[in-house]
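Below is one structure; the comments refer to it alone.
The values are calculated or read from the model by the stated rules, or taken from the named source; none is laboratory data. None of these values were measured; they are calculated from a predicted model. Glycine gets a Cβ as well: all are built from the backbone with ideal geometry, and neighbour counts include every protein chain shown. To get the accessible areas, we keep the full protein, side chains included, count just its heavy atoms, and leave off ligands, DNA and RNA. Shrake-Rupley method; radii C 1.70, N 1.55, O 1.52, S 1.80 Å.
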Amino acid sequence: MFEELEAIRKECENCQKCALGKTRTKSVFSAGVPNNKIVLIGEAPGYNEDQTGEPFVGRAGQLLDKILQSVGFDRKENIYICNTIKCRPPDNRDPLPEEKKACRDYLNRQLEILKPKIILLCGKVALTSFIDTKEGITKLRGRWFDGPNGAKMMPIFHPSYLLRNQSHEKGSPKWLMWQDIQEIRRVYDTLK
Ligand code: URA
């Protein structure tokens, strides 16, 4: 599993399938532990990720780690983290359709190797990459959907959105995230 993934990582390091290959500092392939249980898919690398080559290392990433750790998930131990595209869009704009299309094969291959039983779609770009819907993340978060290879997929809020919405009150985005991560842990604990 590990060697196959490392081969794709190398391909991404040299990739020129879209224009982001010219502007990236580093491609950002994955963090965490390859496993067949739980994979989180974010949006795209930002400034810090582009510099370091690791997903979710900026402020949003630190919050994500705290959320995951609150129920015992840890990128050092038991969760694999990647993004819908591997290179940073300039000025952190949303990935363009042609960038997502060019990069999709890498993500598909990652999922094909891992065959995770749970896939977390973190934010609207990940959501719309896997679920054909006009509904937004606010409506769909917290629900389970059928994913590739029989995976259960759940859309969840992106931590950047939570950083902009600091309330912890019942019904707030942070409160909803807390409900979702507990539900995710509950289902994770039923996995063999
Ligand atoms: N936001 C994402 O969606 N992914 C990252 O890797 C960093 C920030």
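Figures for the structure shown
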item	result
Residues of the range 118-129 satisfying the condition of being more than 12 Å from the ligand (Cβ to nearest atom) and touching a residue at least 60 places away in the same chain (Cβ under 8 Å)	ILE118, ILE119
Count of the range 14-59 residues which are open to solvent by 20 Å² or more (accessible area, probe 1.4 Å), within 16 Å of the ligand (Cβ to nearest atom) and more than 14 Å from ARG88 (Cβ to Cβ)	2
Among residues of the range 60-82, those that are closer than 18 Å to LEU163 by Cβ and within 12 Å of the ligand (Cβ to nearest atom), counted	7
Among the candidates ARG143, ARG109, ARG186, residue that is in contact (Cβ under 8 Å) with a residue 12 or more places away in the chain and assigned to a helix (DSSP H, G or I)	ARG109
Complete set of residues in the range 3-13 that are away from the ligand (no atom under 14 Å from the Cβ) and either of a type in the set (A, V, I, L, M, F, W, C) or in contact with a strand residue (DSSP E or B) (Cβ under 7 Å, 6 or more places away or on another chain) (or both)	LEU5, ALA7, ILE8
Test: residue in the range 69-82 that is open to solvent by 10 Å² or more (accessible area, probe 1.4 Å), part of a helix (DSSP H, G or I), touching a residue at least 40 places away in the same chain (Cβ under 8 Å) and at negative phi	no
Residues located in the range 171-183, provided they are of a type in the set (Ser, Thr, Tyr) and part of a helix (DSSP H, G or I)	none
Some residue of the range 90-102 being open to solvent by less than 30 Å² (accessible area, probe 1.4 Å), within 12 Å of the ligand (Cβ to nearest atom) and either assigned to a helix (DSSP H, G or I) or within 18 Å of LEU20 (Cβ to Cβ) (or both)	yes
When residues of the range 134-192 are limited to those that are of a type in the set (Ser, Thr, Tyr) and in contact with a Pro (Cβ under 9 Å, 6 or more places away or on another chain), the one least open to solvent (accessible area, probe 1.4 Å)	SER167
